[in-house]
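Student: First the structure, then my questions, so here it is.
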Amino acid sequence: MSTIRCDVLVIGAGAAGLMTAITAGQRGRHVHVIDHANKIGKKILMSGGGRCNFTNTGTTPANFLSANPHFCKSALARYSPYHFIEMVERHGIAYHEKELGQLFCDVSSKQIVKMLVDECQQAGVQIRTQCSVERIEHSTDGFRVQTTHGLFHCASLVVATGGLSIPSLGATGFGYEIARQFGHQLLPTRAGLVPLTLSGTHQERLAELSGVALPVEASCNGTSFRNFMLLTHRGVSGPAILQISSFWQPGDALSLDLLPGQDAAEWLRQMKRERPAAELRTVLGDVLPKRLAQRLCEHWLPDRPVRQLDEPDLRKAAQVLSAFPLVASGTEGYRTAEVTLGGVDTNEVSSSTLESKRVPGLHFVGEVLDVTGWLGGYNFQWAWASGHAAGCVV
C-alpha cells in the first residue's frame, strides 16, 4: 500500500474528532479521520434517547470535573453553545429546550451526524471507518501511523478516541495507550454519569419498587443535584443519581432529600394538626409514590397515625425524609456509564491549543482528557469546544 500524506490525521470519528477535522479543513488543511468502528458518531446517535442532547446553553467551566478545573476555560470561552447552535440552525435542524438549558433535536440525532459529515465533505475532509491503528511512530518530520488501510504520514496527530464508557459502541482505552506511548501521565479512570447499585438491606427493601420514580435532591461530598430518581432492580438511576455518581466513590456518604424544596419537619407538624387520625403512610402517599411511602413506613419510619408522633418522633422522621441515607455499594460500571472520569493529565497539555507539552504536533481532544461534564449536553459542548480549539492550530 502506498503512503497517504496529509497535514492532519484524527484518530476517532466522534464528536470531538469530527469538530477538529471540520475546523482544520475549513482552514485549508488536508485532513483524514480514521475510526476502528463500522460507522461514525455512534455515541452521538444513541445520546438523548436518539434525539441527541447536543449542547447546554448554560455551559460554564463550573459544570466540569477535572483535577485542573481551570483547564477547560480557554476552549469553552472561544467556542460557545451559540456557535454550535448557529451551525445546527444553518443546517435547518429543528430543536427544543427540554429543561435546564438542555437542547435536543426534534427529530433524530442522525441529523447531527449528517450535519457533521456534510461539514466535513465541504471542508474536504476524508473519513475512513473500520480502519484500525497498528503502530504509531514520531520523528522530526511528523507522525507515521500504520493502519489496516495503509500508512499515514502527517504533521499533526489528533487523539479523539473518547473514554471507556459503553464498550458495546466500540469504546476502548486506545487513546490512553497512545498517551502512555508518548510519556503522558494518566489520572485514574472510573465510570461517571452512571446508575448506582445497592446491596444488603437497602437492596432487599427497595428492589421490589423497581420502576418507581420521584423527584429528589441527591447530595454527596458537598455537592447536590435536584432531579428525578428511578428505583431499579439493582439500585437507583435517573438524572439526579447519574449526576451525583460522578462525585461519589465507594465508602462516601450519600443522602437523598425525598421532599426537595420542603421543610420535612414543618410539613409533618402540619399533617399532625390537619390530619391527626391519618396513618403516616397515608399522608406520605400524597406526596411520594404510594409504594415507596408504604415501604418507608415498614422499615424506616413509624407506622402509626400522625397524632401519635411526639416532637422527637417528628424530628426523627423528618431527618429520614430530608436526608435519607442511601448506602450504595458500587456503580453499573462502564457498560452503562455515559462518560469516563479521569484520563490524560491536563497539566501536560496546552489549554489553548490542546497540544501535548511533551510531543509537538500531538493533540488530545474530548473525553480522552481528564475533563468530564455534568449530565445535560455539557460533554458534547466540551467535545465541540476542544475540537474547535485544536482544529484552529493543527
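Student: Any idea how far apart Val327 and Arg180 come out in nm if each label point goes 7 Å out from Cα toward Cβ?
Tutor: 3.6 nm
Student: Normalised by the residues of the stretch 69-123, what does the relative contact order come to in percent, with Cα pairs under 8 Å and at least six apart?
Tutor: Here the relative contact order equals 22 percent.
Student: Taking amide H atoms as placed 1.01 Å from N in the peptide plane, list the residues 5 or more away in sequence, or in a different chain, whose amide H sits under 5 Å from that of Thr232.
Tutor: Result for Thr232 returns Gly211, Ser237.
Student: Given a Förster distance of 45 Å, report the FRET efficiency between Glu311 and Tyr82 from their Cβ-Cβ distance, rounded to the nearest 0.05.
Tutor: For Glu311 and Tyr82, the calculated efficiency is 0.25.
Student: For the chain, what does the accessible surface come to per residue with a 1.4 Å probe? Please give it in Å².
Tutor: 41 Å²
Student: So, with a 1.4 angstrom probe, what is the percent of accessible area on the chain that is carbon and sulfur?
Tutor: In the chain, the share of accessible area belonging to carbon and sulfur is 50 percent.
Student: Could I ask something else about it? Testing the spin-label approximation: label points 7 Å from Cα along Cα→Cβ at Glu99 and Gln270. State their distance in nm.
Tutor: Inter-label distance under the simple model: 2.1 nm.
Student: Just to be sure I understand: if I project the alpha-carbon convex hull of the stretch 1-95 onto a plane and average over all orientations, what area do I get in nm²?
Tutor: Its average projected convex-hull area is 8.6 nm².
Student: Mind pulling up the Rg/Rh value for the stretch 153-275? Radius of gyration and Kirkwood radius, both on Cα.
Tutor: Rg/Rh: 1.16.
Student: Moving to a separate point now. What is the extension gain from Phe228 to Asn38, computed as 0.36 nm multiplied by their sequence separation minus the C-alpha to C-alpha distance, in nm to one decimal?
Tutor: Using 0.36 nm per residue and subtracting the Cα-Cα distance, I get 64.9 nm.
Student: Please compute, over every Cα-Cα pair in the stretch 83-227, the percentage with a separation greater than 19 angstrom.
Tutor: Considering the stretch 83-227, 74 percent of its Cα-Cα pairs are separated by more than 19 Å.
Student: Now a separate question. Taking each pair of distinct Cα atoms in the stretch 94-136 once, what is the resulting Kirkwood hydrodynamic radius in Å?
Tutor: 13.1 Å
Student: Counting only helical runs of four or more DSSP H residues, what would the 222 nm mean residue ellipticity of the chain come to if each run contributes -39,500 (n - 2.57) and the total is spread over all its residues?
Tutor: -8500 deg cm²/dmol
Student: Taking only C-alpha pairs under 8 Å that are 6+ residues apart, what is the relative contact order of the stretch 313-394 in percent?
Tutor: 25 percent
Student: Here is a further query. Would you be so kind as to identify which of Ala75, Leu292, Gly150 lies farthest towards the positive end of the dipole of the chain, taking Lys and Arg as +1 and Asp and Glu as -1 on Cβ and the Cα centre as origin?
Tutor: Of the candidates, Gly150 comes out farthest on the positive side.
Student: P(r) for the stretch 275-394, please, calculated from all Cα pair distances in 5 Å bins and given in %.
Tutor: Result returned by the calculation: 2, 9, 13, 13, 8, 6, 7, 7, 7, 8, 7, 6, 4, 2, 1, 0.
Student: If you don't mind, there's one more thing I want to ask. Give the relative contact order (percent, whole number) for the chain; include only Cα pairs under 8 Å separated by 6+ residues.
Tutor: Contact order relative to length: 25 percent.
Student: In sequence order, what are the phi-derived ³J(HN,Hα) couplings for the stretch 213-226 according to the Karplus relation 6.51 cos²θ - 1.76 cosθ + 1.60 with θ = phi - 60°, rounded to whole Hz, with x for glycine and proline?
Tutor: Once rounded to whole Hz, the list reads 10, 7, x, 9, 10, 8, 10, 7, 6, x, 10, 9, 9, 9.
The values are calculated or read from the model by the stated rules, or taken from the named source; none is laboratory data. Bear in mind that the values here come from a model prediction, so they are computed numbers and not experimental data. Neighbour counts run over all protein chains shown; Cβ positions are idealised from the backbone, glycine included. Note: areas computed on protein heavy atoms with side chains; ligands, DNA, RNA excluded. Shrake-Rupley method; radii C 1.70, N 1.55, O 1.52, S 1.80 Å.
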